[in-house]
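Reading through the structure tokens given below for one structure.
The values are calculated or read from the model by the stated rules, or taken from the named source; none is laboratory data. Owing to the predicted nature of the structure, the values given are computational and were not obtained by experimental measurement. Note that each Cβ is placed from the backbone with ideal geometry, even for glycine, and that neighbours are counted across all protein chains shown.
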Amino acid sequence: MKPRLALLASTSALALAGCAGEATPVTVEALAQSGRSAFVCLAVDRPDPDKPGVMRSLPITDCSYRTVESSTDYVVDAEDGGRATLPHLYGLVTQTARGEVAIVDMTTESALTVDRDPGTPAPSFLPVGAQPVDIVATPGGTASFVAVAEPGRAGIYALPSAKVLPREGCPVPSLSSWPACSLPSAPGEMLLVADPPDPEGSGKLRSSCEGRYDVEPTQPGDPGAFVDDVCSTSNGSLDMEGGGRQKLLVTLPDLGGIAVIDAQKLLEGEDGGFEACEVERWVPLGVSLPPAATPDEAPHGPECAQPAAATSPEQASEKPRPAGLALSDKRLFIADLDAPVIHVVDLPTPCEPRESPPLLPASTLEPGRVVTTTRLAVSLASPPDFSRYLYAVDAGDGSVMVFDVSDGAPSRSPLARENPDWNPFQPPDRVRLPAPVRDLAIVQRDVPKSLPATGVVPRGIRCSPDPKLTPCDSSVTSCDIETLYRTSADRDSGASPLKLRGTFAYMALTNGQVAIVDIDDLDAACRGPERPSVRAGCDADAPPSSPLLETSGEASCNVVLPHAVRSETYVVASDGSGQIEPGVQGLPILYDRSGAVVPLSAESPKMRATFPSEGAAPDLALAVGVQREAIASSDSAESELDEQGLVLRSGGPQHALTMNLEDPRVHIANETWTATYEGLLTSITRAAVAFDENLYLKGADARFCRRGVQSLTSVKAQLEAAGVPEAETRAEQLADFAQITSELPDEDATYWNNVDSSVCSFDTCNAKYGSVITSRPALRIEEAYDDHLEFAPAAEAEAKFAACCFAGSVQLGIRAGGQWVVRSNGAGFLHHVIADPATGTCRNSCDPRLSRLNGRVVHTPRDGRVTDGEPGAFINPMFRFAVTGGVPEQDMQFRFTTQGAFSPLALDLADISDTVELQPQAIQLVPATGELAVTDGSVQGLFLLSSRDVAVARRFR
């Protein structure tokens with residue numbers, strides 16, 4: 001008789017586990033303040049249909065299917081008359097407030113949580129002692145181990161899988177139902193690591209680190225391999241799972257080290273016992289920091305200022321405090337909450353740990369801060385270069401550092417982005433997300449395709465856009481399989497934002513979101529422009545004669561960027577779904593001071609896109625709405641205007657600019673931008689200051705440097721460094737100037753009775769300051785400090801006169817001379833002016849990472865083409881342009897609104913839950929199903945996320 005599959009009705013979720021007793025489904029509020037989770041695969045063998053079955057633990061991969069129908073029991077009828085249930089995947093979730101472990105049947109669609117004691121009104125789970133901090137399960141599901149930090153009873157409890165589910169006639173489990181051992185201090189995170197069999201090839205194990213290889217592994221038919229009676233006291237054998245003797249690696253934060261404990265000995269211990277854990281190896285962690293390095297300073301002149309060098313952090317703690325763990329091959333990485341190190345322990349076996357030089361977390365932007373870490377995750381080595389990366393959560397700000405931990409990695413410091421100036425809003429040496437990262441997991445997955453002609457399914461194939469390759473279809477017998485992963489013409493299949501093939505980091509944020517970061521996307525090469533260019537962040541410009549690449553046609557070569565947040569959408573002008581590349585909603589429009597539109601003509605100022613300074617002129621374009629508009633790179637013979645850098649629309653030229661597409665993540669938000677000629681600097685308007693007897697403008701809270709003020713001395717130094725002729729004369733035109741915006745005292749105010757009439761009077765003051773504010777005299781700034789301004793000698797008489805006209809403090813507006821001031825409603829006025837640590841004067845920072853933080857455009861009097869790097873070429877993180885020709889008037893203004901803000905790929909768990917109270921605690925991969933489990937420290941229980949379509953697959957409460 002061949003085995004056949006029969007569907008039997010069942011009134012209990014636990015019938016799937018072969019238990020004769022009824023279980024009670026728990027209400028949706030069962031899980032609360034969940035902590036960590038572990039997963040086991042269990043089935044039941046029933047040699048005799050009339051007797052309780054034998055519990056059988058299986059490798060976690062045997063539960064790789066998703067769910068079966070609710071309230072059903074799949075049973076296999078074997079030839080010998082015996083029966084076995086379909087294995088079920090069970091989640092064990094710590095309940096931190098109740099000191100219990102909840103059991104969730106993750107195979108039934110009904111998603112029932114198991115109540116171990118239906119006789120009590122409240123949900124009842126497995127008691128394990130107060131403050132459970134971690135739980136791990138053996139790969140074969142024989143047992144789980146729970147670390148608890150209960151004051152006075154810190155220890156580890158072993159939960160044999162044979163006893164975690166209710167069985168008819170067996171008592172409800174209590175704290176004394178489990179073997180346990182005590183620890184000298186509260187534990188932290190744990191890992192299970194196998195001590196491999198005899199290296200001589202005998203296959204035998206050693207029962208302890210000090211023992212010989214003389215233990216024969218338990219076989220399936222051996223006594224103790226299965227639990228074969230109703231309420232057995234046997235807890236099973238971990239050795240039967242294969243792979244070696246399993247050891248628990250347990251962090252003891254208060255003692256600054258890691259204990260190695262034999263898991264089988266703990267499992268064999270007396271139920272209810274709580275003797276001291278037998279520690280086979282104790283790994284005391286050290287804190288060894290290299291000597292403080294003196295930062296290299298690039299040579300510079302007076303045109304910029306080097307930021308103050310913060311002292312390197314002193315050795316923060318002689319005593320480490322281990323936190324998160326991550327294991328990669330035979331290396332263990334340990335986070336530290338007190339010391340600025342990530343410990344590295346080589347583990348040829350868990351019995352021979354050797355501490356190596358640590359990794360050195362640090363912050364480029366805050367070099368004086370002691371950077372410590374909480375959670376870790378490490379990737380697998382992936383071809384072709386077999387790189388491996390460690391992700392570490394910064395305990396201070398919740399950002400994530402990335403370390404190269406490949407064999408032979410050149411540095412122990414966090415990786416820095418190659419082009420930090422592309423996106424100065426992100427730290428150069430870490431990933432910063434909208435909220436702090438609570439926990440993270442690294443997932444490697446593939447969605448392999450088969451060769452149409454042969455049906456062979458190779459894995460790990462990287463997509464290739466090479467147009468010379470032979471595409472695959474059913475009509476060809478020989479083709480290049482790399483072409484099967486390309487984005488389809490309609491963007492309905494192939495390489496896409498939601499197609500995750502490769503290695504990715506999933507990060508659970510404190511705000512209830514799960515963000516996804518690219519590490520190694522197998523489809524990355526097929527996500528980008530059809531014709532590469534440096535302006536799009538590519539390595540080089542493709543020759544005009546070269547064939548187009550078979551890509552997704554997106555605007556940037558860095559839509560997919562290692563160790564950066566993933567895009568939720570295609571970065572294209574339009575694909576029918578509303579996705580758009582960075583651009584503008586409408587072309588820029590010029591307005592005069594009164595707000596009237598200024599038509600573009602030979603006599604008007606023009607906003608032009610700038611061109612690369614080297615190589616052939618590329619075909620520039622600008623996304624306007626859902627269209628891509630070409631930017632003229634040469635003049636039309638019929639036009640009286642120089643059209644280079646303008647958009648030609650409806651038969652006439654229009655103002656234009658180009659977007660920076662090297663890293664689309666810099667486009668944080670859609671914003672309305674203005675470029676105002678001699679406009680007010682952002683946040684300087686109406687700053688309260690006071691004149692003193694030295695004719696300074698002073699204000700304790702003025703913060704002139706931090707608001708981007710540039711003096712005549714600063715501008716002159718910049719022009720001289722750039723080799724601009726007649727720098728001093730030009731600086732006098734471009735230096736910032738102050739205008740007093742206060743109202744004069746009333747004519748009949750007693751103030752006028754006390755002024756020096758030889759200097760001023762109401763009439764003389766009113767003649768100068770009684771008109772509109774923008775026509776008031778300019779006080780050219782000779783030198784700027786963070787708390788005061790010094791005026792140029794030519795302005796001293798004016799300043800003395802102003803000091804006479806206004807009583808005490810004044811209100812002040814500062815304008816940029818001969819320049820267009822660029823600002824937005826969100827980002828404001830961008831600049832990189834700092835106070836020189838040596839002199840206190842306001843100077844641009846020498847930090848090249850900030851070089852694109854600009855908000856000033858020098859007007860170019862001549863009309864025509866402008867190339868990058870010229871004095872009138874403007875660039876900020878988002879776009880670049882120049883303003884040429886015409887005679888601008890003060891407060892003339894260009895206006896435009898950007899679009900195509902980067903949309904990071906993230907899943908908001910708050911959208912799925914019925915409450916905003918979310919406290920994600922941990923995220924980990926469920927090996928059986930490829931899902932990710934997120935536990936909530938509030939009342940949302942356990943979320944299972946699909947790694948296929950970036951969505952919540954199931955939720956258990």
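Checking each residue in the range 180-210 for being within 18 Å of residue 259 (Cβ to Cβ) and modelled with pLDDT under 90 picks out only 207.
If you filter the range 547-574 down to residues that are over 13 Å from residue 529 (Cα atoms) and among the small types (Gly, Ala, Ser), you find that the one that is surrounded by the most Cβ atoms within 10 Å (Cβ to Cβ) is 567. Taking the conditions (1) at pLDDT below 60; (2) surrounded by fewer than 17 Cβ atoms within 10 Å (Cβ to Cβ) in turn, residue 67 satisfies each one other than (2).
Of note, residue 865 does not satisfy the criterion of being in a strand (DSSP E or B), under 20 Å from residue 613 (Cα atoms) and in contact (Cβ under 8 Å) with a residue 40 or more places away in the chain. When 484, 440 are checked against the criterion of being surrounded by 14 or more Cβ atoms within 10 Å (Cβ to Cβ) and assigned to a helix (DSSP H, G or I), a single residue qualifies: 484. Checked against the criterion of being over 27 Å from residue 335 (Cβ atoms) and surrounded by 20 or more Cβ atoms within 10 Å (Cβ to Cβ), the range 445-461 has no qualifying residue. When each of 871, 888 is tested for being in contact with a Phe, Trp or Tyr (Cβ under 6 Å, 6 or more places away or on another chain) and either among the aromatic types (Phe, Trp, Tyr) or in a loop (DSSP other than H, G, I, E, B) (or both), the lone residue that passes is 888. Please find, among 151, 171, 166, 184, the residue that is assigned by TED's automatic domain parsing to the domain that holds residue 243 and in contact with a Lys or Arg (Cβ under 8 Å, 6 or more places away or on another chain). Residue meeting the stated conditions: 166. For residue 776, the stated conditions do not hold, so it cannot be described as crowded, with 21+ Cβ neighbours inside 10 Å, more than 24 Å from residue 307 (Cβ to Cβ) and of a type in the set (Lys, Arg). Checking every residue in the range 459-468 against the condition of being of a type in the set (Ser, Thr, Tyr), modelled with pLDDT under 90 and either more than 25 Å from the chain's Cα centre (by Cα) or more than 15 Å from residue 549 (Cα to Cα) (or both) gives zero matches. Here residue 529 meets the list (1) more than 26 Å from residue 391 (Cβ to Cβ); (2) touching a Pro at 6+ places or on another chain (Cβ under 9 Å) almost entirely, failing just condition (2). Of these, 354, 375, which one is more than 30 Å from residue 511 (Cβ to Cβ) and in contact with a strand residue (DSSP E or B) (Cβ under 7 Å, 6 or more places away or on another chain)? Exactly one residue qualifies, and that residue is 354. I'd like to know if the range 506-516 contains one or more residues that are in a strand (DSSP E or B), among the small types (Gly, Ala, Ser) and touching a Phe, Trp or Tyr at 6+ places or on another chain (Cβ under 9 Å). Taking every residue of the range 506-516 in turn, at least one turns out to be in a strand (DSSP E or B), among the small types (Gly, Ala, Ser) and touching a Phe, Trp or Tyr at 6+ places or on another chain (Cβ under 9 Å).
When residue 423 is tested against (1) surrounded by fewer than 19 Cβ atoms within 10 Å (Cβ to Cβ); (2) polar (S, T, N, Q); (3) touching a Pro at 6+ places or on another chain (Cβ under 8 Å), only condition (1) is not met. Of all residues in the range 523-544, exactly one satisfies the criterion of being part of a helix (DSSP H, G or I), modelled with pLDDT of 95 or more and either surrounded by fewer than 20 Cβ atoms within 10 Å (Cβ to Cβ) or not small (Gly, Ala, Ser) (or both), namely 526. Just to be sure before I move on: is residue 940 under 20 Å from residue 511 (Cβ atoms), assigned to a loop (DSSP other than H, G, I, E, B) and in contact with a Lys or Arg (Cβ under 7 Å, 6 or more places away or on another chain) in the structure I sent? Yes: the conditions hold for residue 940. Within the range 243-271, if we keep just the residues that are under 12 Å from residue 194 (Cβ atoms) and not hydrophobic (A, V, I, L, M, F, W, C), the residue that is farthest from the chain's Cα centre (by Cα) turns out to be 264. Number of residues in the range 388-415 that are outside any loop (DSSP other than H, G, I, E, B) and touching a Ser or Thr at 6+ places or on another chain (Cβ under 6 Å) equals 3.
Being in a loop (DSSP other than H, G, I, E, B) and closer than 22 Å to residue 902 by Cα holds for only one residue in 603, 581, and it is 581. Within the range 907-952, restricting attention to residues that are at pLDDT below 85 and crowded, with 18+ Cβ neighbours inside 10 Å, the residue that is farthest from residue 512 (Cα to Cα) is 947. Condition first: assigned by TED's automatic domain parsing to the domain that holds residue 706 and assigned to a strand (DSSP E or B). Can you find one or more residues in the range 757-772 that meet it? Scanning the range 757-772, I find no residue that is assigned by TED's automatic domain parsing to the domain that holds residue 706 and assigned to a strand (DSSP E or B), so the answer is no.
Of all residues in the range 344-376, those satisfying the criterion of being farther than 22 Å from residue 431 by Cβ and either among the aromatic types (Phe, Trp, Tyr) or part of a strand (DSSP E or B) (or both) are 345, 346, 354, 355, 356, 357. Being closer than 24 Å to residue 448 by Cα and touching a Pro at 6+ places or on another chain (Cβ under 9 Å) is the filter here, so list the residues in the range 496-514 that pass it. 501, the sole residue that qualifies. Of all residues in the range 773-802, those that are in a loop (DSSP other than H, G, I, E, B) and closer than 17 Å to residue 742 by Cβ total 3.
Under 9 Å between Cβ atoms, at least 6 apart or on separate chains: pull out the pairs that start in the range 449-467 with a residue that is within 10 Å of residue 481 (Cα to Cα) and end on any residue that is loosely packed, with under 13 Cβ neighbours inside 10 Å and of a type in the set (Gly, Ala, Ser). Correct list of pairs: 452/474; 452/475.
Please work out if residue 933 is outside any strand (DSSP E or B), in contact with a Phe, Trp or Tyr (Cβ under 8 Å, 6 or more places away or on another chain) and over 30 Å from residue 592 (Cβ atoms). So residue 933 does not fit the description; no. Taking residues in the range 127-139 that are acidic (Asp, Glu), and partners anywhere that are assigned to a strand (DSSP E or B), the pairs with Cβ atoms closer than 7 Å and at least 6 places apart or on different chains are 134/36; 134/147; 134/190.
Just to be sure before I move on: is residue 473 surrounded by fewer than 22 Cβ atoms within 10 Å (Cβ to Cβ) and closer than 30 Å to residue 611 by Cα in the structure I sent? When the stated conditions are applied, residue 473 does not pass them.
Once the range 719-768 is narrowed to residues that are under 19 Å from residue 796 (Cα atoms) and touching a Pro at 6+ places or on another chain (Cβ under 8 Å), the residue that is modelled with the highest pLDDT is 768. Against the list (1) of a type outside the set (Lys, Arg); (2) closer than 15 Å to residue 789 by Cβ; (3) modelled with pLDDT under 95, the condition residue 714 fails is (3). Listed by first and then second residue, the pairs linking a residue in the range 738-762 that is crowded, with 18+ Cβ neighbours inside 10 Å to a residue that is among the aliphatic types (A, V, I, L, M) and assigned to a helix (DSSP H, G or I), with Cβ atoms under 6 Å apart and 6 or more places separating them unless they lie on different chains, are 740/802.
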